[in-house]
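Chemist: The structure's right below; bear with me while I get my questions together.
The values are calculated or read from the model by the stated rules, or taken from the named source; none is laboratory data. Since we're looking at a predicted model, the values are computed, not measured. For neighbour counting, all protein chains shown are included, and Cβ atoms are generated from backbone atoms with ideal geometry for every residue, glycine included.
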Amino acid sequence: MGREDTQNSIILNARIRSHPDLIDIACEGGIITEIGSIGGDGIDACGRLVCPGFVNAHTHLDKADLLLQMKPSDFGKSLTENRELLKRFKVGYEIEEIRKRAKRVIREFIANGVTAIRTQVDVDGTGGLKACEALNGIKEELPIELQICTFPQEGVLDENARSLVEQALDAGADLMGGLPLVEKTEEGHMQHIDVLFEIAKKHDVDLDIQLDESNDPRDFMLPYLIEKTIECKWQGRVTATHCISLSAQDENIIKETSRLLAQARINVITTPSANMITRFDLPEGIHSRPSNSIAPLIHLVDAGVNVAIGTDNIRDIFYPMGNCSMLREMHVAQASTRMCDQNAPQRLIDMATVNGGRILGLNYGIHEGAAADILILGCDAPSGVLNGPENIPMVIRSGRLVCESSREVEYG
Ligand SMILES: [Zn+2]
């Protein structure tokens, strides 16, 4: 079932935040065409809260469920060790096997209310273009928006690595990812970003760069990313994923950097659970805190930065857990940033829905003209979203009910 497979439908008795009374929502041709008192036959929301579908703005479907193939000695390693370990798995990659794991996990995401995913997909000398080919081939198979971001896990500075990324973009990948830290020197980190912008401009694609993943304040590439975004006139087309070390800066630097991010219209994606668990090799004599940290979400949102949420890895080398729940990520985001004021529940819902939609270029929201990707939640107010069971009663994609009480409807 591809994205063109839409259905005309009406959602009855829905509660939405912009309306004091219960309303009905008509969907036609994959978009919301009317909101008001419509009546007739339809999907009954029974007065429960309705919101746009969840957008998982950052995950790695090519690695999902590699946990099942791991040996006991593969667990508990640092980020650098994990990157080496990954190569062992990638050498043996087979397209059909990648697809099988990815599709299984996509189905779990759908059951958890996810209607759109941006997946990072490794493109490098070890796995070549296999993972990209695997994911490209299933884009239209399931009722979900799937966006593919080429991820140069092993760097972009040599000619071969760069050529592979360009081939992936020519073969249909949607945008370009990056990982400056994988280059060996500080100069290399900056050159990595320079090359990403060169390729992005040549292929006219957006950028989504993973950077500043540790608590170490010296690990701080964001200012350079902001500078390059302005220099290359790529405002509105760049996303910075993780941005953890921003939390380790002085208050004034956090505020100023957040202001500059908003000005350059650079989006930020946080992946809370995986961010907390990531472990770095530290110089001798320096001891890690019990956990890593996450980006300073409150400062960023207050400054007007568009912040979205991703689950990051699902059950693999980098993160051996994960149940495909965006609600779980929203909760960790809230707890790890002390986001506890009255507006917090709605802010978190926005991060997990419309803000992610904006990054993926989707028109998400509960208004006329928006995508008919809609969730009927198990509560009647935003404050209930994170305080109840992690169950999304109904998931609607392109106007069609695709999942009810975590059970698939009419597909696969
Ligand atoms: Zn990631």
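Condition check ((1) within 19 Å of the chain's Cα centre (by Cα); (2) under 24 Å from S336 (Cα atoms); (3) at pLDDT 95 or above) across all residues:
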residue: L196; (1), (2), (3): no, no, yes
residue: Q210; (1), (2), (3): yes, yes, yes
residue: D219; (1), (2), (3): no, yes, no
residue: E227; (1), (2), (3): no, no, yes
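Chemist: Going by the conditions given, is D212 under 29 Å from A168 (Cα atoms), in the same structural domain as Q153 (by TED's automatic domain parsing) and of a type in the set (D, E)?
Modeler: Numbers: under 29 Å from A168 (Cα atoms): yes; in the same structural domain as Q153 (by TED's automatic domain parsing): yes; of a type in the set (D, E): yes.
Criteria met by D212.
Chemist: Give the residue, chosen from R338, R347, R358, that is of a type in the set (D, E, K, R), more than 19 Å from the chain's Cα centre (by Cα), under 19 Å from S258 (Cβ atoms) and more than 16 Å from the ligand (Cβ to nearest atom).
Modeler: R338
Chemist: Next question, about the same structure. Is one or more of the residues making up region 231-238 within 16 Å of the ligand (Cβ to nearest atom), assigned by TED's automatic domain parsing to the domain that holds D170 and either part of a strand (DSSP E or B) or in contact with a helix residue (DSSP H, G or I) (Cβ under 7 Å, 6 or more places away or on another chain) (or both)?
Modeler: So far as region 231-238 goes, no, none of its residues is within 16 Å of the ligand (Cβ to nearest atom), assigned by TED's automatic domain parsing to the domain that holds D170 and either part of a strand (DSSP E or B) or in contact with a helix residue (DSSP H, G or I) (Cβ under 7 Å, 6 or more places away or on another chain) (or both).
Chemist: Next question. Looking at region 103-141 only, could you name the residues that are more than 20 Å from F89 (Cβ to Cβ), of a type in the set (D, E, K, R) and assigned to a strand (DSSP E or B)?
Modeler: R118 - this is the single residue of region 103-141 that is more than 20 Å from F89 (Cβ to Cβ), of a type in the set (D, E, K, R) and assigned to a strand (DSSP E or B).
Chemist: For G76, work out the one condition from (1) in a strand (DSSP E or B); (2) away from the ligand (no atom under 16 Å from the Cβ); (3) assigned by TED's automatic domain parsing to the domain that holds R107 it doesn't fulfil.
Modeler: (1)
Chemist: Right, next: Just checking: which of the strands (runs of 3 or more DSSP E) contained wholly in region 1-50 hold 1 or more residues that are under 27 Å from the mean Cα position of the chain (by Cα) and under 20 Å from L362 (Cα atoms)?
Modeler: 23-28, 31-36
Chemist: Does region 132-140 contain at least one residue that is within 16 Å of the ligand (Cβ to nearest atom), closer than 27 Å to T278 by Cβ and in contact with a Phe, Trp or Tyr (Cβ under 9 Å, 6 or more places away or on another chain)?
Modeler: no
Per-residue answers, yes or no, for (1) in contact with a helix residue (DSSP H, G or I) (Cβ under 8 Å, 6 or more places away or on another chain); (2) of a type in the set (A, V, I, L, M, F, W, C); (3) at positive phi:
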| residue | (1), (2), (3) |
| --- | --- |
| I110 | no, yes, no |
| T126 | yes, no, no |
| N136 | no, no, no |
| E140 | no, no, no |
| E145 | yes, no, no |
| P152 | yes, no, no |
| L164 | no, yes, no |
| G172 | yes, no, yes |
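Chemist: Something else now. Kindly provide the set of residues from region 106-137 that are touching a strand residue (DSSP E or B) at 6+ places or on another chain (Cβ under 8 Å) and farther than 23 Å from D206 by Cα, ordered by number.
Modeler: Of everything in region 106-137, those that are touching a strand residue (DSSP E or B) at 6+ places or on another chain (Cβ under 8 Å) and farther than 23 Å from D206 by Cα turn out to be I106, R107, F109, I110, A111, N112, G113.
Chemist: Tell me yes or no: at least one residue of region 178-189 is modelled with pLDDT under 95, part of a helix (DSSP H, G or I) and closer than 27 Å to L68 by Cα.
Modeler: Among the residues of region 178-189, at least one is modelled with pLDDT under 95, part of a helix (DSSP H, G or I) and closer than 27 Å to L68 by Cα, which makes the answer yes.
Chemist: Could I ask something else about it? Given the criterion touching a residue at least 24 places away in the same chain (Cβ under 8 Å) and of a type in the set (G, A, S), identify the matching residue among G92, G47.
Modeler: Numbers: G92 fails: touching a residue at least 24 places away in the same chain (Cβ under 8 Å).
Residue meeting the stated conditions: G47.
Chemist: Which numbered condition trips up L61, out of (1) within 16 Å of the ligand (Cβ to nearest atom); (2) without any contact (Cβ under 8 Å) to a residue 40 or more places away in the chain?
Modeler: (2)
Chemist: Got a sec? Which of A303, A333 is within 16 Å of the ligand (Cβ to nearest atom) and at pLDDT 95 or above? If you could, list the steps in order and put the result at the bottom.
Modeler: Details: A303 fails: within 16 Å of the ligand (Cβ to nearest atom).
Every option except A333 fails the conditions.
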